[in-house]
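> Mind having a look at this structure? Questions to follow.
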Amino acid sequence: MRASRQLATALDDVPVVGSGPVAIADFAGRYFDFSKSSPGLARLTCWEGLELGHPVGAQARALRSANKVSEIRGALPTASEAAAEDLLLTIVALCHAWVSSPNVPLVITGTPDEERRRVSIMRTSELLALDAAAP
């Protein structure tokens, strides 16, 4: 897949399914799996930010991100737009960091443990979703 297409469509590949904070945790876990199975995406977004300084295909990607934010709000109807955006940004950043910065977990934990990281990202996402959904 061309790099620009991969950047544009990555969020489309993992839908938010269900409702409530558990649905957000599930999305985070599946996005973690997707990120691991497509490691070039995380590396590409890292390179893009460091080398280009601006996103490739920004309009299309912003639209797809807005669609994902809408899915998150569908799962968390009381969450604000900003809270849903923050949730998505946090999930993507945590999942991509695992792939694009493999030395960080080696330094901090000594041994990379993908299942531990997946569970941690899911729990973090669930707790943030609980907070975002609070009235």
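> Once you have a ≥ b ≥ c as the square roots of the Cα gyration tensor eigenvalues for region 12-54, tell me rounded if a/c is under 1.5, and otherwise prolate or oblate according to whether a/b is larger than b/c.
Because a/c hits 1.5 or more and a/b exceeds b/c, region 12-54 counts as prolate.
> Just the number please: accessible area per residue for the chain, 1.4 Å probe, all protein chains included, in Å². Before the final figure, lay out the partial values.
Details: 7450 Å² over 135 residues.
So the chain comes to 55 Å² accessible per residue, rounded to a whole number.
> Further question: Considering only protein heavy atoms and a 1.4 Å probe, what is the carbon-and-sulfur percentage of the accessible area of the chain? Before the final figure, lay out each step's value.
Numbers: 4360 of 7450 Å².
Carbon and sulfur together cover 58 percent of it.
> Among 70, 120, 37, which one shows the highest mean-square fluctuation when the chain is modelled as a Gaussian network with alpha-carbon springs under 10 Å?
Greatest mean-square fluctuation among the candidates belongs to 37.
> On each of the three principal axes of the Cα atoms of the chain, give max minus min coordinate, whole Å, ordered largest first.
Reported extents, whole Å, longest axis first: 40, 38, 22.
The values are calculated or read from the model by the stated rules, or taken from the named source; none is laboratory data. Computed from a prediction, not measured in an experiment: that's the story for all the values here. Note: accessible area is taken over every heavy atom of the protein model, side chains too, but ligands, DNA and RNA are not part of it. Shrake-Rupley method; radii C 1.70, N 1.55, O 1.52, S 1.80 Å.
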